[in-house]
Amino acid sequence: MLQSPAISVATSYCPCQGKVVAIRGSVVDVHFSDEVPPLRHLLRAGPQAQIAIEGLTYLSANLIRGIALTPTQGLARGARVIDTGQSLQVPIGEHLLGRAFNVFGDPIDGLGPLKGMKRSLHGQAVPLHQRTTGTDILVTGIKAIDLLAPLERGSKAGLFGGAGVGKTVLITEMIHNIVSRYDGVSIFCGIGERSREGEELYREMKAAGVLNNTVMVFGQMNEPPGSRFRVGHAALTMAEYFRDQAHRDVLLMIDNVFRFIQAGSEVSGLMGQLPSRVGYQPTLATELAELEERICSTAHGAITSVQAVYIPADDLTDPAAVHTFSHLSASIVLSRKRTSEGLYPAVDPLQSGSKMLTPSVVGQRHYQVAQAVRKTLAEYEDLKDIIAMLGLEELAQNERQTVYRARRLERFLTQPFFTTEQFSGIPGKMVSLDQTLTGCEAILDDKCSGLSEQALYMIGAVDEAELEHQEREAQEVEEIGQ
Ligand SMILES: Nc1ncnc2c1ncn2[C@@H]1O[C@H](COP(=O)(O)OP(=O)(O)OP(=O)(O)O)[C@@H](O)[C@H]1O
Ligand SMILES: [Mg+2]
């Protein structure tokens, strides 16, 4: 009969020493002849102990399989491995503000090393009785989001979209709009995305003078899967310090959570686990929940999180997207069709939504306007096939009216961004919720019928279109007079 191996595990720190017996990419098997270190301990290997390995599973009584958090180049079979006696630790404290770190909590901004407290990145989620929920709305100044998918302060929101539909632009714009007015701390976590984008964001935040209230943590696409898999936890550990010890509100921005899932899938494959649905790791739901469940609010402080989520092949039923959806209280879905029409931000009004969008939270007026906008756009969507086959003329008068309003609403919900100012040439605009509601009401009540569709495209509040229209009319009258 097969028996599970009796494993003797070191309970207090002992510098267990082992030897590398196998290396497969980022996966390293280490043999310990005496005591075996507990799982999730950080092991170090290499001539300068520069290779970090996290123990993930026991293969036998003396064999531990771990994932390297650094590149494994130069590591050979037989190399000495030492147990550091603890799991991966990252620095915590006020002095982190204004700095940029990697997964180990080592500064990568060239401003010198840090001293001070450290904490393991394997924290526990807050128990149920300590959690709090609120009904405060975090205003972003972006029309489509504030109207159709308002963000909840102290909760999680996702920006879902396929490749190149504007997730990074939108998250950067939100940082621009929210961080300067936010009295808490902001933490940006880059997971598996371009290093260039991280560097640009760092520079922009510095130029905008908000870096002193921000911590940045990066595990980008050039890093090993182990690093991308753990960098989210590192950022979250820092966020938890600000919430629990400093009693401050935290804004946690993540780009991109899908890369965390993808790194988990890579790790799982390398570890030899059988893949599950669509090739993802069987532990997808658990891994994601471990990270997402730690992002919550307590009586001491709130963590509000905005996360970009890449959708493979634009398929919203992809397991990674489905699992992420279920953790979030607001989902902003970006559509490729809208980007092809130049309707930026490409927020899909029918797929995006928020748990906050109820009359008791946002108020009767906001709720009714949002419902009317959705209804008009949904009816327009249904009429599109008829228009394509038979033409607009075949529609009944009331249907034509719907099309007329919907096309104006679609254009009014576009917005020039500060982030895209350099290449679009249009100055960025922030719009208050009241201005957004007023504009939508005017279009729904046909008060903008004198305005062309184009006049509502890429503007802020609706008055801008009216003002421009009046100026143009005055100019035309002048030209006729001459
Ligand atoms: N609001 C916007 N206004 C104008 N152009 C935009 C806007 N959003 C996105 N774009 C255009 O789309 C391009 C891709 O945007 P972005 O990098 O944000 O996509 P992404 O969804 O993050 O892509 P990836 O999945 O590759 O990370 C931008 O470089 C820009 O040209
Ligand atoms: Mg991106």
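Some observations on this one:
- Selection of region 194-221 for residues being polar (S, T, N, Q) and within 15 Å of ligand 1 (Cβ to nearest atom) yields Ser195, Gln220.
- Flag if Phe412 is touching a Cys at 6+ places or on another chain (Cβ under 8 Å), crowded, with 18+ Cβ neighbours inside 10 Å and aromatic (Phe, Trp, Tyr): yes
- Residue within region 442-452 that is surrounded by fewer than 18 Cβ atoms within 10 Å (Cβ to Cβ) and part of a helix (DSSP H, G or I) present: no
- Residue satisfying all of: in region 306-330; within 15 Å of ligand 1 (Cβ to nearest atom) and farther than 19 Å from Gly232 by Cα; surrounded by the fewest Cβ atoms within 10 Å (Cβ to Cβ) among these: Ala313
Table: residues versus (1) of a type in the set (Gly, Ala, Ser); (2) under 12 Å from Ile187 (Cβ atoms); (3) within 15 Å of the chain's Cα centre (by Cα).
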| position | (1), (2), (3) |
| --- | --- |
| Thr214 | no, yes, no |
| Gly226 | yes, no, no |
| Ala235 | yes, yes, yes |
| Phe242 | no, yes, no |
| Arg248 | no, yes, no |
| Met253 | no, yes, yes |
| Asn256 | no, no, yes |
| Ala263 | yes, no, no |
| Glu266 | no, no, no |
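- Any hit, region 266-279, residues being under 21 Å from Leu328 (Cβ atoms), more than 16 Å from ligand 2 (Cβ to nearest atom) and either among the small types (Gly, Ala, Ser) or not in a helix (DSSP H, G or I) (or both): no
- Odd one out for Thr237 among (1) away from ligand 1 (no atom under 16 Å from the Cβ); (2) within 20 Å of Gly158 (Cβ to Cβ); (3) of a type in the set (S, T, N, Q); (4) touching a Ser or Thr at 6+ places or on another chain (Cβ under 9 Å): (2)
- Of all the listed residues (Ile64, Ile82), the sole one being surrounded by 21 or more Cβ atoms within 10 Å (Cβ to Cβ) and more than 33 Å from the chain's Cα centre (by Cα) is Ile64.
- Filter pass, Phe160 being within 16 Å of ligand 1 (Cβ to nearest atom), under 21 Å from Gly301 (Cβ atoms) and of a type outside the set (S, T, N, Q): no
- Residue within region 284-292 that is of a type in the set (Gly, Ala, Ser) and within 16 Å of ligand 1 (Cβ to nearest atom) present: no
- Residues of region 331-361 that turn out to be surrounded by 19 or more Cβ atoms within 10 Å (Cβ to Cβ), not small (Gly, Ala, Ser) and not in a loop (DSSP other than H, G, I, E, B), as a count: 5
- The residue that is nearest to Glu204 (Cα to Cα), among those in region 125-184 that are away from ligand 2 (no atom under 16 Å from the Cβ) and in contact with a Pro (Cβ under 7 Å, 6 or more places away or on another chain), is Ile142.
- Residue in region 378-400 that is farther than 25 Å from Asp463 by Cβ, within 16 Å of ligand 2 (Cβ to nearest atom) and either crowded, with 19+ Cβ neighbours inside 10 Å or not hydroxyl-bearing (Ser, Thr, Tyr) (or both) present: no
- Answer residue from region 138-170, given it is surrounded by fewer than 22 Cβ atoms within 10 Å (Cβ to Cβ) and at negative phi and is modelled with the lowest pLDDT among those: Arg153
The values are calculated or read from the model by the stated rules, or taken from the named source; none is laboratory data. It should be emphasised that the depicted structure is a prediction, and the values quoted were computed from it without experimental measurement. Here the Cβ is made from the backbone with ideal geometry for all residues, glycine too, and neighbour counts use every protein chain on show.
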